[in-house]
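The values are calculated or read from the model by the stated rules, or taken from the named source; none is laboratory data. Remember, it's a predicted structure, so these values are computed and weren't measured experimentally. Here the Cβ positions follow ideal geometry from the backbone for every residue, glycine too, while neighbour counts run over all protein chains shown. Heavy atoms of the whole protein, side chains included, go into the accessibility calculation; ligands, DNA and RNA do not. Shrake-Rupley method; radii C 1.70, N 1.55, O 1.52, S 1.80 Å.
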Amino acid sequence: QEEIQEVKEEGNLDALFNSLDKIEEEAKSQEEPAWRPSGIPEEDVRSAVVPYLLKHRAYLQKILKEKEKENRKAAESVLAGRDRIAELQQLIEARKRAWQ
């Protein structure tokens, strides 16, 4: 009996048993069965991982659209620059001919 009391005191078992009793009482009011792992880790984490992955995918799609928009603007700017260079080359050639 003394050994049992020493083990209970060392492991703080009274507090642990009390918290276990409290958990058991709280579980009695639940109508649904508690979640238990299926034994297939991929399926068990799916419910936690899928929402995160969907949110991350939406974020990446948003960033992709922004980058595509920036790229379109840059491409338009490059094309406008090329057109301006072609105009200036023609102007230079025209003035060069005029001097000769």
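Give the shape of segment 8-54 as rounded, prolate or oblate, defined through the alpha-carbon gyration tensor: a ≥ b ≥ c are the square roots of its eigenvalues, a/c under 1.5 means rounded, and otherwise the shape is prolate if a/b is larger than b/c and oblate if not.
prolate
With a probe of 1.4 Å, find how much accessible area the chain has per residue, and write the answer as a whole number in Å².
For the chain, the solvent-accessible area averages 100 Å² per residue.
Would you work out which of V78, I40, F17 lies farthest towards the positive end of the dipole of the chain? Charges go on Cβ: Lys and Arg +1, Asp and Glu -1.
Comparing the listed Cα positions along the dipole, V78 ranks first.
Just the Cα atoms of the chain, one point each, no solvent: what log10 I(q)/I(0) does Debye give at q = 0.15 Å⁻¹?
-0.93
Determine the share of the chain's accessible area contributed by carbon and sulfur atoms, expressed in whole percent, with a 1.4 angstrom probe.
The computed percentage sits at 55.
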